[in-house]
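Contents: one structure, followed by commentary.
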Amino acid sequence: MINGLINVYKEPGYTSHDVVARLRGILKQKKIGHTGTLDPAAQGVLPVCLGTATKLCDMLTDRTKTYRAVLLLGRDTDTQDTTGETVFADEAGALALEEERVREAVMGFLGDYDQIPPMYSALKVDGKKLYELARAGKEVERKARPVTIYELQVESIELPRVVMSVTCSKGTYIRTLCYDIGRALGCGGCMEQLTRTRVGSFLLEDSLKLDEIEALARAGQIEPHILGVEEVLADYPAIHAKTEADNLARNGNPLFKNQVQESASPQEGQGFRLYDSGQRFIGIYEYRTDKRWFKPQKMFLS
């Protein structure tokens, strides 16, 4: 079984689940999971976890992501992208806009803002996914959720289209950002194209299409393209158990500060890569100030 992560280029038309299903066939193993849904019409970076690395799926979902989006002004749709049915149109209004006003509207979303999730999303309300309700012709009230746009850049404007680069927090819907910009301009807007260019340290230029992965696997050359768990978690500082605490660490027990070799001052909730005294990787531990100990979060010891 292969353990680690692979940077997949998800092509348009595939769902994230489709990618996982095909990889199971290519790599001949069942234990595979993706790190966050990417819309079927979207393309780009989709890190996929293999084997024991599937424990990282939820952690990588939280990583900052960067997208390149094409916003089409002058049209609102029920899905907030061009795959949906038009519910409002003002192409003349979009074409009459001044570029400076468009830039100001886009940049107005830089930073924190409260975003209402779209009906066509996998979020659940009363146990039902929103997109299931939407397909049944129902619309329910959704609470706005705080999201953060860390970086926002307008790459080009050729009305009614605006190309922009967005770096954002977990839970941000770029479709909804496009809709909100269109609403701010008064002419409507929807997402025409979306490419995810980065997830954490996973970059678009390093990603592989499924056909490329299949060819590499057949040639027995897939291993160099698999990232180990420790490589992916390199941004977590390393700590080492003292010799007398090795068995506690290997069995997944919390360790007090005096049971690790490092004397740094950890912060509440800070994550660390824990190794035993012999440099064997144990897992991810989180520091808790109330008990002054490192508590196991994810164990990777095999």
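The values are calculated or read from the model by the stated rules, or taken from the named source; none is laboratory data. Fair warning: this is a prediction, and the values are worked out from it, not measured in the lab. Because the Cβ atoms are built from the backbone with ideal geometry, glycine has one as well, and the counts that use them run over all protein chains shown. For accessibility, only protein heavy atoms count, side chains too; no ligands or nucleic acids. Shrake-Rupley method; radii C 1.70, N 1.55, O 1.52, S 1.80 Å.
Taking (1) surrounded by 13 or more Cβ atoms within 10 Å (Cβ to Cβ); (2) in contact (Cβ under 8 Å) with a residue 24 or more places away in the chain in turn, Leu248 satisfies each apart from (2). The single condition among (1) within 21 Å of Thr35 (Cβ to Cβ); (2) open to solvent by less than 50 Å² (accessible area, probe 1.4 Å) that Asp235 does not meet is (2). Kindly indicate whether any position in the range 100-108 is buried (at least 20 other Cβ atoms within 10 Å of the Cβ), in contact (Cβ under 8 Å) with a residue 60 or more places away in the chain and closer than 26 Å to Thr15 by Cβ. Scanning the range 100-108, I find no residue that is buried (at least 20 other Cβ atoms within 10 Å of the Cβ), in contact (Cβ under 8 Å) with a residue 60 or more places away in the chain and closer than 26 Å to Thr15 by Cβ, so the answer is no. With respect to the stated conditions, Thr86 is closer than 27 Å to Tyr179 by Cβ, at pLDDT 95 or above and among the polar types (S, T, N, Q).
A quick yes/no check of all residues on (1) of a type in the set (A, V, I, L, M); (2) out of contact with any His (no Cβ under 7 Å at 6 or more places or on another chain); (3) under 30 Å from Leu27 (Cα atoms):
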{"position": "Met164", "(1), (2), (3)": "yes, yes, no"}
{"position": "Arg183", "(1), (2), (3)": "no, yes, no"}
{"position": "Leu216", "(1), (2), (3)": "yes, no, yes"}
{"position": "Glu230", "(1), (2), (3)": "no, yes, yes"}
{"position": "Lys242", "(1), (2), (3)": "no, yes, no"}
{"position": "Pro254", "(1), (2), (3)": "no, yes, no"}
{"position": "Ser265", "(1), (2), (3)": "no, yes, no"}
{"position": "Phe272", "(1), (2), (3)": "no, yes, no"}
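Only one entry of Glu141, Glu132 meets the criterion of being open to solvent by 20 Å² or more (accessible area, probe 1.4 Å), free of Cβ contacts under 8 Å to residues at least 60 places away in the same chain and assigned to a loop (DSSP other than H, G, I, E, B), and that entry is Glu141.
Can you find a residue in the range 160-174 that is over 24 Å from Thr66 (Cα atoms) and either modelled with pLDDT of 95 or more or assigned to a strand (DSSP E or B) (or both)? No, because not a single residue in the range 160-174 is over 24 Å from Thr66 (Cα atoms) and either modelled with pLDDT of 95 or more or assigned to a strand (DSSP E or B) (or both). When Gly182, Gly200 are checked against the criterion of being touching a Leu at 6+ places or on another chain (Cβ under 7 Å) and at pLDDT 95 or above, a single residue qualifies: Gly182. Being open to solvent by 70 Å² or more (accessible area, probe 1.4 Å) and among the basic types (Lys, Arg), is that true of even one residue in the range 259-276? No, the range 259-276 has no match at all. Whenever a residue of the range 281-296 is over 10 Å from Glu268 (Cα atoms) and open to solvent by less than 80 Å² (accessible area, probe 1.4 Å), its partners that are aliphatic (A, V, I, L, M) and assigned to a loop (DSSP other than H, G, I, E, B), lying with C-beta atoms within less than 8 angstrom and at least six residues away or across chains, give the pairs Phe281/Leu301; Ile282/Leu301; Gly283/Leu301; Ile284/Leu233. For the condition open to solvent by 20 Å² or more (accessible area, probe 1.4 Å), at pLDDT 95 or above and either assigned to a helix (DSSP H, G or I) or within 30 Å of Gly137 (Cα to Cα) (or both), Ala92 qualifies.
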